[in-house]
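One structure is given below, encoded as structure tokens.
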Amino acid sequence: MISEYDVLIAPVMTEKAMKGVEGKTAYVFKVLPNATKLDIARAIEKVFSGVKVADVNVLNRGGKKKTFRGKRGETKPRKLAFVRLSEGTINFEGGI
């Protein structure tokens, strides 16, 4: 099992992701590629106290092929977790 503090890499703070936060629908996090939904839910409840997770959805995004100055490369693949809470809110001001 993965440590709860290693599962969460960073919150996604884009305008589109934060729109869901205002309506209290979902919070978006970058997570480890091998983390399961259960690992993510446990990590959210442990790292942010007073929070109860209702639902976790996961999105695996593959890397894109890019060309920069004539050299071919690929961006890193990433895994995003959309976390819906049943009670409590997450305050990002203190950091993860």
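The values are calculated or read from the model by the stated rules, or taken from the named source; none is laboratory data. These figures come from a predicted structure and were not determined experimentally. Cβ atoms come from the backbone with ideal geometry, glycine included; neighbour counts cover every protein chain shown. Only protein heavy atoms, including side chains, enter the accessible area calculation; ligands, DNA and RNA are left aside. Shrake-Rupley method; radii C 1.70, N 1.55, O 1.52, S 1.80 Å.
Structure notes:
- Arg84 exposes around 110 Å² of accessible area when a 1.4 Å probe is run over every protein chain in place.
- Accessible-area ranking of Ser86, Ser3, largest first, probe 1.4 Å: Ser86, Ser3
- Percent of alpha-carbon pairs separated by more than 18 Å within the chain: 48 percent
- Selected from Lys71, Lys46, Lys79 as most flexible by GNM, with the chain as the system and alpha-carbon contacts under 10 Å: Lys71
- Probe 1.4 Å - accessible area at Glu45, Å² to nearest ten: 70 Å²
- Nearest-10 value in Å² for the accessible area of Val12, using the 1.4 Å probe: 30 Å²
- Relative contact order %, the chain, counting alpha carbon pairs below 8 Å whose residues are six or more apart: 30 percent
- Most to least accessible of Phe82, Phe92, Phe68 (protein chains only, probe 1.4 Å): Phe68, Phe82, Phe92
- When Ile2, Ile90 are compared by accessible area at a 1.4 angstrom probe, the order from most to least is Ile2, Ile90.
- Working from label points 7 Å from Cα in the Cα-to-Cβ sense, the Ile90 to Lys30 distance is 1.4 nm.
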